[in-house]
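Peer 1: Below you'll find the structure I mean.
The values are calculated or read from the model by the stated rules, or taken from the named source; none is laboratory data. The structure presented is a predicted model; accordingly, all values stated were derived computationally and were not measured. Positions of Cβ are backbone-derived with ideal geometry, glycine not excepted, and every protein chain shown enters the neighbour counts.
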Amino acid sequence: MASEQPLVAVTCTAPVNIAVIKYWGKRDEELILPINSSLSVTLHQDQLKTTTTAALSRDFTEDRIWLNGREEDVGQPRLQACLQEIRRLAREQRSPGSEDQPPLRLSGKVHVASVNNFPTAAGLASSAAGYACLVYALARVYGVESDLSEVARRGSGSACRSLHGGFVEWQMGQRADGKDSVARQVAPESHWPELRVLVLVVSAERKPTGSTAGMRTSMETSALLKFRAEAVVPVHMAEMTRCVKERDFQGFGQLTMKDSNQLHATCLDTFPPICYLNDTSRRIMQLVHRFNAHHGHTKVAYTFDAGPNAVIFTLDDTVAEFVAAVRHCFPPESNGDEFLKGLPLRPAPLSDELKALLGMDPTPGSIKYIIATQVGPGPQIVDDPQAHLLGPDGLPKPAA
Ligand code: 2P0
């Protein structure tokens, strides 16, 4: 493409978040307004992140988007909702009386390219990081400075929580227009440096029911979901906020497990029932409870989303011993060296007493690998122009 006008491009990165108080159920499907507040931990981008480049040029004749190297349909309704909202905010922000118009950002088409640094096949929810990154990059290239919760939420509810680092609450809000349904930081990423996170990637044969469809069926059929949203979550939110602020791991861990269990009970209360957990997920739960019983208190906690993968929270003084316990119960089938990815850990021995207490027959290969990570920051702008995923012609650069 012969370029007369220079291309304006911005590249950003955004993190994955894991809810410890879960979002499940919408009161408004169009605006993506939840029936309860939720609270999440932002994971570190050194291990898990989305990178997105957004570029504007007068040479572009249409909006286009590439995800992990493949061109996707830009007409997809949630993508359109985000794009239209950003353009509306850009128009609103245009200073009255400015003469140098129409600037590129008000008239040009946009090209977007996005990649994840983790395999999509790992079954990790990538929509939160993906939409947070998309909206953050679009906002920068369009010069939008307002709060982006409302826009990211239109892509995927949980995406608004990926706009901040550390510990984040998504306040459900009360208004019908969703203006008060926003994500806010509860504590920064530096607040609890000892906290560690392990993603246990579980082999899954079949694709689970998507969250959007699952939530809709739960809303239509589960009385337990209504009870959860009205009577349980407000108590869980207040208690979880206290646990985070006071760095109370016992309280944090127990509540994380209870809230996850209630989400999955609600899924089972949905009709027809939704089962996201599989045999391996349940064996991981058993391992965590036996490990904690051995130590006499809660040293490790699990949480599960819309699939069989477990996310484990623990502290730095326990993480190596717990990984040894996972390796004992779920030995790698092959590539033993590749079993533990992410933060390096010093191998820890497993006592015969703990091995005996775990009392589980090893099931080789049922956990594919572990990603060790920690709490991390929110979205970032990447200053290096070399990092752009789009070349000067506005098309994706060939993968290195
Ligand atoms: C959460 N999940 O709080 C919950 C727990 C999955 C289980 O948010 O329909 O992809 O796009 O708003 O955000 C996954 O749901 O759903 C999710 P939509 P989303 O993390």
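Peer 1: Is the range 340-349 home to any residue that is more than 19 Å from residue 199 (Cα to Cα) and of a type outside the set (Val, Ile, Thr)? Steps first, please.
Peer 2: Step one: of the range 340-349, the residues more than 19 Å from residue 199 (Cα to Cα) are 349.
Subset that is of a type outside the set (Val, Ile, Thr): 349.
Checked the range 340-349: at least one residue is more than 19 Å from residue 199 (Cα to Cα) and of a type outside the set (Val, Ile, Thr).
Peer 1: Moving on. Being of a type in the set (Lys, Arg), over 21 Å from the mean Cα position of the chain (by Cα) and surrounded by fewer than 17 Cβ atoms within 10 Å (Cβ to Cβ) is the filter here; which residues of the range 207-255 pass it? Steps first, please.
Peer 2: The first filter runs over the range 207-255 and keeps only residues of a type in the set (Lys, Arg), leaving 207, 216, 226, 228, 242, 245, 247.
When the remaining residues are screened for being over 21 Å from the mean Cα position of the chain (by Cα), the result is 226, 228, 242, 245, 247.
Result: 226, 242, 245, 247.
Peer 1: If you go through the range 320-335 one residue at a time, do you hit one that is surrounded by fewer than 18 Cβ atoms within 10 Å (Cβ to Cβ) and under 29 Å from residue 36 (Cα atoms)?
Peer 2: Checked the range 320-335: no residue is surrounded by fewer than 18 Cβ atoms within 10 Å (Cβ to Cβ) and under 29 Å from residue 36 (Cα atoms).
Peer 1: Going through the range 265-277 one residue at a time, which ones are surrounded by 18 or more Cβ atoms within 10 Å (Cβ to Cβ) and closer than 19 Å to residue 18 by Cα?
Peer 2: 266, 267, 276, 277
Peer 1: In the range 3-48, which residues are away from the ligand (no atom under 16 Å from the Cβ), of a type outside the set (Val, Ile, Thr) and surrounded by fewer than 24 Cβ atoms within 10 Å (Cβ to Cβ)? Break it down stepwise before answering.
Peer 2: Keep residues of the range 3-48 that are away from the ligand (no atom under 16 Å from the Cβ), which gives 3-13, 44-47.
After this cut, where a residue has to be of a type outside the set (Val, Ile, Thr) as well, the list is 3-7, 9, 12, 44-47.
Within the range 3-48, 3, 4, 5, 6, 7, 9, 44, 45, 46, 47 meet the criteria.
Peer 1: Looking at (1) within 12 Å of the ligand (Cβ to nearest atom); (2) surrounded by fewer than 23 Cβ atoms within 10 Å (Cβ to Cβ); (3) part of a strand (DSSP E or B), which is the one condition that is false for residue 51?
Peer 2: Evaluating residue 51 over (1) within 12 Å of the ligand (Cβ to nearest atom); (2) surrounded by fewer than 23 Cβ atoms within 10 Å (Cβ to Cβ); (3) part of a strand (DSSP E or B) leaves (1) as the failure.
Peer 1: Out of (1) under 25 Å from residue 230 (Cβ atoms); (2) touching a Cys at 6+ places or on another chain (Cβ under 9 Å); (3) touching a residue at least 40 places away in the same chain (Cβ under 8 Å); (4) away from the ligand (no atom under 11 Å from the Cβ), the odd one out for residue 149 is which?
Peer 2: (3)
Peer 1: Moving on. Given the conditions (1) surrounded by 14 or more Cβ atoms within 10 Å (Cβ to Cβ); (2) basic (Lys, Arg); (3) more than 30 Å from residue 54 (Cα to Cα), which single one is not true for residue 397?
Peer 2: Among (1) surrounded by 14 or more Cβ atoms within 10 Å (Cβ to Cβ); (2) basic (Lys, Arg); (3) more than 30 Å from residue 54 (Cα to Cα), residue 397 violates only (3).
Peer 1: Which residues, counting only those in the range 108-141, are modelled with pLDDT under 75, more than 16 Å from the ligand (Cβ to nearest atom) and not in a loop (DSSP other than H, G, I, E, B)?
Peer 2: Applying the first criterion (modelled with pLDDT under 75) to the range 108-141 yields 119-125.
Filter again for more than 16 Å from the ligand (Cβ to nearest atom), leaving 119, 121.
Of everything in the range 108-141, just one residue is modelled with pLDDT under 75, more than 16 Å from the ligand (Cβ to nearest atom) and not in a loop (DSSP other than H, G, I, E, B), namely 121.
Peer 1: Quick check on residue 389: is it within 30 Å of residue 53 (Cβ to Cβ), crowded, with 19+ Cβ neighbours inside 10 Å and under 25 Å from the mean Cα position of the chain (by Cα)?
Peer 2: Working: within 30 Å of residue 53 (Cβ to Cβ): yes; crowded, with 19+ Cβ neighbours inside 10 Å: yes; under 25 Å from the mean Cα position of the chain (by Cα): yes.
Taking the combined requirement at face value, the residue satisfies it.
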